[in-house]
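**Q** Structure below; questions to follow.
The values are calculated or read from the model by the stated rules, or taken from the named source; none is laboratory data. None of the values given here were measured: they were computed from a predicted structure. Here the Cβ is made from the backbone with ideal geometry for all residues, glycine too, and neighbour counts use every protein chain on show.
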Amino acid sequence: MLLDATQKFAEPLTADRLSSWRAALFPTGRSGMSKITVGAWRTDASGPMQVVSGPIGRTRVHYEAPGAERLNGEMRAFLAWFNDGVVSCDPIIKAALAHLWFVTIHPFDDGNGRIARAITDMALARSEQSAQRFYSMSSQIRAERETYYETQEATQRGSLDVTPWLRWFLACLDRAFDRAETISAPVLQKARFWETHATAPLNERQRAIVNRLLDGFEGKLTSSKWAKLAKCSQDTALRGIDDLLSRGILAKNEGGGRSTSYSLVLSPVGSG
């Protein structure tokens, strides 16, 4: 669903496409033990669509969606606005409004939140005119779902002023950027390291140990740990370490004797 939303962001969002996404979420036509409507909007046959929490008999109603008789008109208006190519507002703001608008209509029996997140990522891909992104708003919303639900409920139960929702959305997006940087930094660092040392004639043991260090080696690297990890003798470990020291790939840490330890040189002199 997310791949279809982001890789084909330029294609129109239609009722049929939304139904296909929902069918992918519920291939058996059931949500848990309950049978749900597939390929169409909800019917409210069992009562109004409510977002509730708490045990049976003491449930709390967080939100009641528009009646099923309004769904055709509400969704036509939403889809026409979402697909309108006229720049009526900042595309990031449009992504935030699209998410809120869709979950407020709540057109399906189940899966509305997940589909709303896909719509959000689709709108963000449109804003950048690129399917290639290194962050996921969907994942960040899931990580912050407690404040997400609180902000959403306060907005839906309040006036038509959506400013608090927009502020939360933009801050959440900013945190998604930060999270992506945190996750990608070690990967990029590893790539840069091996690009710098692409021509270094390292043996398999040396490459394996260096990769362990790049992946976040716990504790300090010593010759005895090297020997254990590489399953080699202490002398072979020392020769491997000395070779990396001479190439500027490893550096000796402060201290000596039996406590001698080594660290990777991640920014060798002259690397730029």
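**Q** Please pick out the residue among 51, 38, 86 that is under 18 Å from residue 149 (Cα atoms), of a type in the set (A, V, I, L, M) and either out of contact with any Pro (no Cβ under 9 Å at 6 or more places or on another chain) or modelled with pLDDT under 90 (or both). Before the answer, list the steps.
**A** Values: 38 fails: under 18 Å from residue 149 (Cα atoms); 86 fails: under 18 Å from residue 149 (Cα atoms).
Step by step, each of 51, 38, 86 is checked, and only 51 is under 18 Å from residue 149 (Cα atoms), of a type in the set (A, V, I, L, M) and either out of contact with any Pro (no Cβ under 9 Å at 6 or more places or on another chain) or modelled with pLDDT under 90 (or both).
**Q** Inspect all residues belonging to segment 158-173 and state whether any of them is under 21 Å from residue 25 (Cβ atoms), surrounded by 13 or more Cβ atoms within 10 Å (Cβ to Cβ) and in contact (Cβ under 8 Å) with a residue 40 or more places away in the chain. Let's see the steps before the verdict.
**A** Let us first name the residues in segment 158-173 that are under 21 Å from residue 25 (Cβ atoms), namely none.
Checked segment 158-173: no residue is under 21 Å from residue 25 (Cβ atoms), surrounded by 13 or more Cβ atoms within 10 Å (Cβ to Cβ) and in contact (Cβ under 8 Å) with a residue 40 or more places away in the chain.
**Q** I would also like to ask the following. I need every pair where a residue in segment 3-20 that is surrounded by fewer than 16 Cβ atoms within 10 Å (Cβ to Cβ) has its Cβ under 6 Å from the Cβ of a residue that is among the polar types (S, T, N, Q) and assigned to a helix (DSSP H, G or I), sequence separation at least 6 or different chains.
**A** 12/83
**Q** For residues in segment 185-202 being of a type outside the set (Lys, Arg) and surrounded by 13 or more Cβ atoms within 10 Å (Cβ to Cβ), which is modelled with the lowest pLDDT? Let's see the steps before the verdict.
**A** Restricting attention to segment 185-202, the residues satisfying the condition of being of a type outside the set (Lys, Arg) are 185-189, 191, 193-202.
Adding the requirement that they be surrounded by 13 or more Cβ atoms within 10 Å (Cβ to Cβ) leaves 189, 193-194, 196-197, 200, 202.
Details: 189: 79, 193: 83, 194: 86, 196: 85, 197: 86, 200: 87, 202: 90.
Per the stated criteria, the residue is 189.
**Q** Let me ask something additional. Can you pull out the residues in segment 191-208 that are within 30 Å of the chain's Cα centre (by Cα) and under 18 Å from residue 262 (Cα atoms)?
**A** 193, 208
**Q** Turning to a different aspect of this structure: Looking only at segment 142-163, filter to residues that are closer than 16 Å to residue 93 by Cα and of a type in the set (A, V, I, L, M, F, W, C); which one of those is modelled with the lowest pLDDT?
**A** So the residue we want is 160.
**Q** Which of the residues belonging to segment 79-112 are outside any loop (DSSP other than H, G, I, E, B) and β-branched (Val, Ile, Thr)? Even if it seems obvious, please write down each step before you answer.
**A** Of all residues in segment 79-112, those outside any loop (DSSP other than H, G, I, E, B) come to 79-83, 91-105, 112.
Once the filter is applied, which keeps residues that are outside any loop (DSSP other than H, G, I, E, B) and β-branched (Val, Ile, Thr), segment 79-112 yields 92, 93, 103, 104, 105.
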